[in-house]
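Worksheet: one structure, shown below.
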Amino acid sequence: TPPPSPDAGSGGNECGLAHVMAAVPSVGTGTWTLASGPGSTTFSNANDPYATATVTLYGTYIFQWTETNGTCSASDQVTVNFFAPPLSDAGANDTICGSAYELAAVPGSGTGIWSQFAGSGTSSFSNINNPFATVTVSLMGTYVFVWTVNNNGCISSDSITVIFTSPPSPDAGNNSNECDLDHIF
């Protein structure tokens with residue numbers, strides 16, 4: 001009886017709580033088990049080299065692929081990191097009088113970055129990674145800004161539309177002198 005030479009395949013990073021295993025079968029019968037991890041795991045079919053492993057908590061898991069052929073048995077392990085998909089929320093659409101606006105994204109897990117998607121001019125951000133950055137535009141008009149969050153390769157985006165309007169320029173008229181107690185404006 002030839003001894004098995006299991007290959008658990010390569011691990012990697014996942015967005016979410018499920019990973020498709022990719023063992024390379026040799027001889028005998030193979031079985032997936034959880035070697036370590038912060039939560040529990042269920043397999044779609046523990047004897048399938050391409051089983052889907054679903055975990056209960058985000059974190060780093062080590063899975064073991066064990067092959068048995070007669071009385072011979074051997075194992076190989078693979079590491080998979082499960083990351084929470086980020087939730088991006090750019091905030092509410094708004095209209096502002098002027099050329100500067102304080103954005104208000106909802107901070108979440110991962111690193112966020114602001115960008116301009118559309119607009120009648122260009123924009124600059126006080127800090128593109130700050131959810132509460134101030135954006136200043138070169139021309140009045142309608143702009144769309146995108147807040148993109150990256151959590152270890154898991155990416156999510158949301159947009160906000162801001163309308164920048166020119167402040168009114170009031171005109172009180174000319175100065176004048178009055179010879180009585182009333183004045184017509």
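The table below lists the values:
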quantity	calculated
Flag for Asn175 being surrounded by fewer than 16 Cβ atoms within 10 Å (Cβ to Cβ) and assigned to a strand (DSSP E or B)	no
Scope the range 152-164; condition at pLDDT 90 or above and either farther than 16 Å from Glu102 by Cβ or among the aliphatic types (A, V, I, L, M) (or both); matching residues	Cys154, Ile155, Ser156, Ser157, Asp158, Ser159, Ile160, Val162, Ile163
Restricting the range 90-121 to residues that are touching a Gly at 6+ places or on another chain (Cβ under 8 Å) and buried (at least 17 other Cβ atoms within 10 Å of the Cβ), the residue that is farthest from Gly16 (Cα to Cα)	Gly119
Residue within the range 122-140 that is at pLDDT below 95 and surrounded by fewer than 17 Cβ atoms within 10 Å (Cβ to Cβ) present	no
Matching residues, the range 45-64, being out of contact with any Phe, Trp or Tyr (no Cβ under 9 Å at 6 or more places or on another chain) and surrounded by 14 or more Cβ atoms within 10 Å (Cβ to Cβ)	Ile62
All positions within the range 8-41 that are open to solvent by 60 Å² or more (accessible area, probe 1.4 Å), farther than 11 Å from Gln64 by Cβ and part of a strand (DSSP E or B)	Asn13, Cys15, Val20, Val24, Thr29
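The values are calculated or read from the model by the stated rules, or taken from the named source; none is laboratory data. None of these values were measured; they are calculated from a predicted model. No Cβ is skipped: glycine too gets one built from the backbone with ideal geometry, and neighbour counts run over all protein chains shown. Please note that ligands, DNA and RNA were not included when accessible areas were found on the heavy atoms of the full protein model with its side chains. Shrake-Rupley method; radii C 1.70, N 1.55, O 1.52, S 1.80 Å.
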